[in-house]
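The values are calculated or read from the model by the stated rules, or taken from the named source; none is laboratory data. Note that the coordinates shown come from a computational prediction; the quantities given were computed from them, not determined experimentally. With ideal geometry, Cβ positions are generated from the backbone for all residues, glycine too; neighbour counts draw on all protein chains shown. The area values use the complete protein model at the heavy-atom level, side chains included, leaving out ligands, DNA and RNA. Shrake-Rupley method; radii C 1.70, N 1.55, O 1.52, S 1.80 Å.
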Amino acid sequence: MINPLRGMKDLTFEESQRFTHIIDTATKIAQRYGYNYIETPILEETALFKRSVGESSDIVGKEMYQFEDKGGNDVCMRPEGTAGVVRAFISTKLDRQPIKQKFYYYGPMFRYERPQKGRLREFHQFGCESFGEASVYEDFTVITMISQIFTELGIGFDLKINSLGCKACMPLYRENLVGFLTGIKEELCSDCNRRIETNPIRILDCKNGTCQSHLVSSPKLINNLCGECDSDFKKLTALLDNACISYTVDTNLVRGLDYYGKTAFEFVSNEIGAQSAIAGGGRYDRLVEFLDGKPTPAVGFAIGIERIMELVQMPEIQREGIYMGAMTDEAIEVLFPLAAAKRKETKVTVEYNSKGFKSHMKGADKANARYAVLIGEDELKESTIWLKDLESKEEKTVLLSEFQDTN
RNA sequence: GUGGACGUAGUUCAGUUGGUAGAGCACCUGUUUGUGGCACAGGUUGUCGCGGGUUCGAGCCCCGUCGUCCACCCCA
């Protein structure tokens, strides 16, 4: 028996229904906000992710499905969605269009990690990217949209927000922080010591307890923002307050991908184990030009489908369609034209084995059918069918021809 | 990459100090030659993850291996 690879999952029945329900709901809402579907390749040049996600990130550093294809190209299975969408945005020259562009996408992402609860090697994201809108109003709108999606899916969440500053205030702060960190170097864990050089901002969300205790007095970016970033962040919090979307400002919230600036946010759930982030995103105003496009402000996010799978409250399943069965072998083939006619309108389950009445009724139940249609010896003789509404329990015998022609 | 737990029927799990494998659920049949969800009766189902070792004898003990889960790390 061949099983799926480590960290990869087959989805069937109940689970695949949850999956499609999530995608359908998110799609419906994203379209209301003006997003259009974009499909981009799963395989991309490795350089794309190195340049966008960032060489210092763990994703690029050690988690990529990277290999050389038969043409000798250095390629990667995408570890996240934004880079590919931005590349497509530039490749198709949409960055030269003077209008705003909004895209949603969903599909598999790949990261070579040790699997655990809420973490797979192949997982799925639903994401949105909004290009060309620099206003913080768009950040607010994106967050509103995510909370609407979660609310519609019946999922409770906590929202964490932060500002990562821009090219005016971030470098200054960074210098500041490195100075502070160098001072307490001896107290920090080895990882953090390494990160002082490579990615000092990441030290802020180090999970190490002793590190955190020394970081309480660290300079906070939130207190060192430039005028514009500061006023934008204040606007954002005010907008969220007015919209009654509750949030906490988490000054240690640092996104794992290098391209974020200004607004960063994360939706978390406390019901799903250690991997608690169910959606994450933020603004990335400089990524488009970084990937050789015309400078274009942008904001986006992604939802982790598998992470919210067990949180989703599914709509109650209704009895649906027709179950058809025969109680005598001669009647089986009589069912096919009936089934064909009814399948223009509804779901039809045909049992190919003739069997006893009771057995058919059980089958109809199992198929979760609304109606049972049975043909026995009597019905066959008289060209009728026996029909029962399994919900109202009404039953009747009707002419075969009549049944076939009516809905 | 590191640590811990665990691999027995389709599934959830039991299996004593080593003595030839069990239960619930599910499934099939019947009770009822035509009234479902319920009840009752009967029935089917296993390379005990794989490989080696110890032993008269291994599901159980030992070694290895593969896999799953949980956590670290990281993130959706």
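Overview of values
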{"read-out": "Residue-level accessible surface for A:Val348, protein heavy atoms, 1.4 Å, Å²", "value": "20 Å²"}
{"read-out": "Per residue Cα convex hull volume in Å³ - calculated over segment A:167-278", "value": "121 Å³"}
{"read-out": "Contact order relative to length of chain A, as percent, for alpha carbon pairs under 8 angstrom and 6 or more apart", "value": "16 percent"}
{"read-out": "Which of A:Gly132, A:Tyr323, A:Ala302, positive extreme of dipole for chain A (C-beta unit charges)", "value": "A:Gly132"}
{"read-out": "By average C-beta atoms within 10 angstrom, highest first, the peptides A:297-307, A:317-327", "value": "A:297-307, A:317-327"}
{"read-out": "From phi via Karplus (6.51, -1.76, 1.60), per-residue ³J(HN,Hα) for segment A:307-313 in Hz, x at Gly/Pro", "value": "5, 9, 3, 7, 8, 5, 8"}
{"read-out": "Cα-centre dipole for segment A:122-199 with unit charges at Cβ (Lys and Arg positive, Asp and Glu negative), debye to 20", "value": "300 debye"}
{"read-out": "Residue-span extension gain [A:Tyr352 to A:Arg96] - 0.36 nm each, minus C-alpha spacing", "value": "86.2 nm"}
{"read-out": "Accessible area of A:Met314 in the full protein assembly, 1.4 Å probe (Å², nearest 10)", "value": "70 Å²"}
{"read-out": "Extension gain (nm, one decimal) between A:Tyr137 and A:Lys393, 0.36 nm per residue minus Cα-Cα", "value": "86.7 nm"}
{"read-out": "Residues of chain A: accessible area per residue with a 1.4 Å probe, Å²", "value": "51 Å²"}
{"read-out": "Distribution of pairwise C-alpha distances over chain A, 10 Å bins, in %", "value": "4, 18, 24, 20, 12, 10, 8, 4, 1, 0"}
{"read-out": "Protection proxy ranking, peptides A:368-374, A:378-384, average beta carbon neighbours within 10 Å, highest first", "value": "A:368-374, A:378-384"}
{"read-out": "Near-label residues of segment A:103-138 by backbone N, under 19 Å of a point 7 Å along Cα→Cβ of A:Glu14", "value": "A:117-118"}
{"read-out": "Distance between segment A:10-56 and segment A:152-218 - C-alpha centres, whole angstrom", "value": "29 Å"}
{"read-out": "Protection proxy ranking of A:38-49, A:74-85 - average other beta-carbon atoms within 10 Å, highest first", "value": "A:74-85, A:38-49"}
{"read-out": "Mean Cα-pair separation over length for segment A:322-405, i.e. relative contact order, pairs under 8 Å, 6 or more apart, %", "value": "31 percent"}
{"read-out": "Chain A - percent of accessible surface contributed by carbon and sulfur, probe 1.4 Å", "value": "49 percent"}
{"read-out": "Where the Cα pairs of segment A:322-405 fall when distances are cut into 10 Å bins, in %", "value": "19, 60, 21"}
{"read-out": "Separation in nanometres of the label points that stand 7 Å from Cα toward Cβ, at A:Val178 and A:Arg343", "value": "6.7 nm"}
{"read-out": "Cross-link partners of A:Lys234 among aspartates and glutamates (Cα-Cα below 16 Å; sequence separation of 8 or more within a chain)", "value": "A:Glu138, A:Asp139, A:Asp250"}
{"read-out": "Accessible-area value, A:Tyr259, 1.4 Å probe, nucleic acids and ligands omitted, Å²", "value": "20 Å²"}
{"read-out": "Segment A:Lys28-A:Asp378, length gained on full extension (0.36 nm per residue, minus Cα span)", "value": "121.1 nm"}
{"read-out": "Under the span-like rule (Cα at least 15 Å along the axis, Kyte-Doolittle mean at least 0.0), DSSP H helices of chain A", "value": "A:136-153, A:170-183"}
{"read-out": "Helix-only [θ]222 nm of chain A, DSSP H runs n ≥ 4, -39500 (n - 2.57) each, per residue, nearest 500", "value": "-10500 deg cm²/dmol"}
